[in-house]
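Taken together, the values in this text are just the output of simple stated rules run on the coordinates, not laboratory data. Remember, predicted model here, so these are calculated numbers, not experimental data. Here Cβ is always computed from backbone atoms with ideal geometry, including for glycine, and neighbour counts include all displayed protein chains.
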2 protein chains.
Amino acid sequence: MNYPNGRRKRASTSNLAKKNSANQVVYSNRGMNLEEDIDHTNSYYVESNKAIIHKKPTPVQIVRVHYPKRSAAVITEGYFKQASTTDYNGIYRGKHIDFEAKETKSKTSFPLTNVHEHQVHHMERILQHDGICFIIIRFSTLDETYLLPTKDLLTYWQRHLNGGRKSIRYEEIIKHGYIIPFAYQARVDYLRIVDDLYF
Amino acid sequence: MNYPNGRRKRASTSNLAKKNSANQVVYSNRGMNLEEDIDHTNSYYVESNKAIIHKKPTPVQIVRVHYPKRSAAVITEGYFKQASTTDYNGIYRGKHIDFEAKETKSKTSFPLTNVHEHQVHHMERILQHDGICFIIIRFSTLDETYLLPTKDLLTYWQRHLNGGRKSIRYEEIIKHGYIIPFAYQARVDYLRIVDDLYF
């Protein structure tokens, strides 16, 4: 597994969630789902003024709205729309940061059907414009969460377009991704990895 | 009226929408509303690879969803939530950009009730983190659209909190804001102002 900057171990490694190679979970994510964990982490980042990163609302196509007297408008017909960008973005250390987050129950691979073409193109553009961009992938059964840089996601996306497999192997994510430490206040403390990788 | 960098006129002024002081509209916005105009502008920016800026979806609290057989899920009960951030953000020339956009029918002032406290705090934070942040204000009756930097919005917000008026006078917006030119492909060509103001 890579650590940022190619370092395999860091002085502070005892504070990090350790790789789970022998089914040994050092810091558990304690059953929260990835979205809740990231929301919690982002709230902590905002409150501590470390970064301003928010989840975008779920895109809804609103078809019918009812306006009752003396109470709030009610959406009575709406449909989920496919997101054309990533779910999370904001600013960190003066730079634009943009990422997607997905979890899979698979223990062996991350299915690329989890991301949409629009999102991949968006991520590609963010990279071209010098933003920080990546995907957070959680293997929920293994309780391991990785940050995979966009350039690596694009490699596997391209392999798929060229007729290759429709997923990224677990081993490939271990090799090119960075395990995200669990911390009490920042449950998915991805900015630690960002610090090392992008600054 | 200010032009960016304090220049009152620019060489390219003939290509810009001129100030409407004598009720003389040089380039009209042609009846589109501000949101449509900005969406159109942002699409043009993305397609021409100038900037990656998107509107965030309207925040909806989804209460009830119906899953019919053989067709898409239908939201049958939902409510509009108050936005806690701005409506638009993205990346331009490597920097994070974040803004709100509002229109008013008033010819004399912009009511501060158009923006929420959460949004103002968000904008303040973006500024602290070295992002580009502003509000776009359209006086729809006058067909004039201005970019007002966050620092000026904060000044008037503070005046209001200190017991002052609940709006920003039209004259104040003219003085501290920058009129946004209308262009065919970029109907609200705000990045022209951003170029001068922030780079």
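A few points about this structure:
- Spin-label model distance (nm) - B:Ser106 vs B:Ser140, 7 Å beyond Cα toward Cβ: 1.5 nm
- For A:Lys50 and A:Glu171, the difference between the fully extended length at 0.36 nm per residue and the C-alpha to C-alpha distance is 40.3 nm.
- As a proxy for reagent exposure, A:Arg165, B:Arg138 were ordered by neighbouring Cβ count within 10 angstrom, fewest first; the result is A:Arg165, B:Arg138.
- With a simple spin-label model that places each label point 7 Å from the Cα along the Cα-to-Cβ direction, the separation between B:Val63 and A:Arg159 comes to 4.7 nm.
- For the stretch B:56-199: rounded, prolate or oblate by the Cα gyration tensor [a/c cutoff 1.5]: prolate
- Candidate cross-link partners of A:Lys166 among the aspartates and glutamates, defined by an alpha-carbon separation under 15 Å and a same-chain spacing of 8 or more, comprise A:Glu117, A:Asp152.
- Charge dipole of the stretch A:20-147 (Cα centre as origin; +1 on each Lys and Arg Cβ, -1 on each Asp and Glu Cβ, all else neutral): 400 debye, rounded to the nearest 20.
- The trypsin sites (Lys or Arg not before Pro) found in the stretch B:59-88 that occupy coil by DSSP, while having at most 14 further C-beta atoms within 10 Å, are B:Lys69, B:Arg70, B:Lys81.
- Span from the the stretch B:167-181 Cα centroid across to the the stretch A:133-174 one, whole angstrom: 48 Å
- Farthest positive-ward along the stretch A:53-124 dipole, Cα basis, beta-carbon charges - from A:Val60, A:Gly94, A:Thr76: A:Thr76
- Sequence of A:Thr145, B:Thr58, B:Thr141 once ranked by neighbouring C-beta atoms within 10 Å, starting from the fewest: B:Thr141, B:Thr58, A:Thr145
- Exposure proxy ranking for B:Leu142, B:Leu161, based on other Cβ atoms within 10 angstrom of each Cβ and starting from the fewest, stands as B:Leu161, B:Leu142.
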